[in-house]
Amino acid sequence: MNSPNFKFLKVVFVALLLVLSTSCSDDDGPVASITVNEGPSGDIGGDFTGNGGNAARTISWSNSLATADYNADITSSAVGIFQMVVVDAEGNTVLDRSLNGDVEPDSFSGVTAAGTPGDWTVTITITNFNGDGSYSLSEGN
């Protein structure tokens, strides 16, 4: 005959098994990452990669000039969206460019609109991104 303590232990054991079997996560889901590297003379840049995931990174960047040179490229087989938004020291958007992995071109470069020198904000966002790429910013001329 089962004692009350034995029944309680059986219930706890079954509950524990259920919790352990349902709480394990699947680590193979979509992920994405964005790195930031500071180069010489205050230049910034980095890489990004994903397997269908989303990521965003905001970087504070000191730009002593009114413009910035920018560059970004994605692998030709990439899918998803890469976006770079640059805001000057007064909060004005001086660049808002995107690359769509499903559509050419797979790169862009140029000079931002003129803004106020100082601490600029750079936001890199990748959405449903599968592939890799890189970006860079340097003080303009």
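We did not get these values from a lab; they are worked out from the coordinates using the rules stated. None of the values given here were measured: they were computed from a predicted structure. So basically every Cβ, Gly included, is an ideal-geometry build from the backbone, and we count neighbours across all protein chains shown.
Which net charge results when you count Lys and Arg as +1 and Asp and Glu as -1 among the other residues whose beta-carbon is under 11 Å from that of Ser33?
Details: positive: Arg57; negative: Asp47, Asp132.
Residues close to Ser33 contribute a combined charge of -1.
Across the stretch 42-56, rounded Karplus estimates of 3J(HN,Hα) from the backbone phi angles (6.51 cos²θ - 1.76 cosθ + 1.60, θ = phi - 60°) give x, 5, 10, x, x, 10, 9, 8, x, 10, x, x, 10, 7, 9 Hz, Gly and Pro being marked x. Taking amide hydrogens as placed 1.01 Å from N in the peptide plane, the amide H of Gly110 sits under 5 Å from those of Tyr70, each at least 5 positions away in sequence or on another chain.
Does anything in the stretch 94-128 have its amide N under 16 Å from the 7 Å Cα→Cβ label point of Asn54, and if so which residues? Of the residues in the stretch 94-128, 124-128 have backbone N under 16 Å from the label point off Asn54. Net length available on complete extension from Val103 to Asn71 is 9.8 nm, with 0.36 nm assigned per residue and the Cα-Cα distance removed.
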